[in-house]
Amino acid sequence: KPIAGVKGSFSERTFIAVKPDGVQRGLVAKIISRFEERGYKLVGLKAVVPSKELAEEHYADLKSKPFFGGLVDYMTNGKAPVVAMVWEGKDVIRQGRVMIGATNPLDAAPGTIRGQYTQVVGRNIVHGSDSFESAEKEIGLWFGKAGELIDWTSANEQWILSDN
Ligand code: UDP
Ligand code: MG
């Protein structure tokens, strides 16, 4: 099975991470709950202090930004781990971004994760892949080893995914 599933299908996958500030603040369960309650399927989960190399590769598109060094330090300094996850389901990449809310919490709608729990862009507690290509890259980076993603069938599937 492709690492990010099949784009647009029920098997689409996204990379979601609770950043160290979300872990410090005890918001891991609340963030997981939103994805569980929406009916998405958890196919990968681990707590990890990423290496500098991993964080730099994860945020490679931001390398030239003035906040890049601080961002990488915040993700990697070990004051708390990152809780890295892969969630699977219909349109989960785009829906995950909507559930997380805008990058700047002051632009994030109330009820989104960032709009409910955060105030500043540098401590916005959660990450979600922004496209299928990003999901493929990020899942590969964080869950590259064989066996880290679990293919399983949810007994709830017929109640969540049937159209009639
Ligand atoms: N970030 C920051 N300052 C900024 C913009 C971004 O510290 O001015 C951090 C923030 O943690 C953000 C991350 O860099 O979540 C990645 O930025 P991106 O634009 O990809 O936002 P995201 O995809 O997380 O919404
Ligand atoms: Mg991004």
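Please treat every number below as a calculation from the coordinates, not as lab data. Computed from a predicted model, the values in this text were never measured in an experiment. Heads up, the Cβs are rebuilt from the backbone with ideal geometry, glycines too, and the neighbour counts pull from every protein chain shown.
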What FRET efficiency do you get for E133 and A109 if R0 is 25 Å and r is their Cβ-Cβ distance, rounded to the nearest 0.05? 0.45
Take E157 and F68, extend 7 Å from each Cα along the Cα→Cβ direction, and tell me the distance between the two endpoints in nm. 4.2 nm
Rounded to whole Hz and in sequence order, give me ³J(HN,Hα) for region 131-148 from the Karplus expression 6.51 cos²θ - 1.76 cosθ + 1.60, θ = phi - 60°, writing x for Gly and Pro. 6, 4, 5, 5, 4, 4, 5, 6, 4, x, 5, 8, 10, x, 6, 4, x, 7
Low-density loop cleavage sites - trypsin sites (Lys or Arg not before Pro) in region 99-164, where at most 10 other Cβ are within 10 Å (DSSP): K145
Debye intensity ratio I(q)/I(0), log10, region 1-94, q values 0.12, 0.15, 0.20 Å⁻¹ (C-alpha model): -0.43, -0.66, -1.02
Using the Karplus curve 6.51 cos²θ - 1.76 cosθ + 1.60 with θ = phi - 60°, what ³J(HN,Hα) values do you get for each residue of region 8-15, in whole Hz, with x for Gly and Pro? x, 9, 5, 9, 4, 10, 9, 9
Selected from D61, D91, D107 as most flexible by GNM, with the chain as the system and alpha-carbon contacts under 10 Å: D61
Approximate shape of the chain as ellipsoid semi-axes (Cα gyration tensor, √5λ), whole Å, largest first: 25, 18, 14
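So between Q24 and K90, what do we pick up on full extension, going 0.36 nm a residue minus the alpha carbon distance?
20.7 nm
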Just how far, in whole angstrom, is region 30-52 from region 71-96 if you go by their alpha carbon centroids? 7 Å
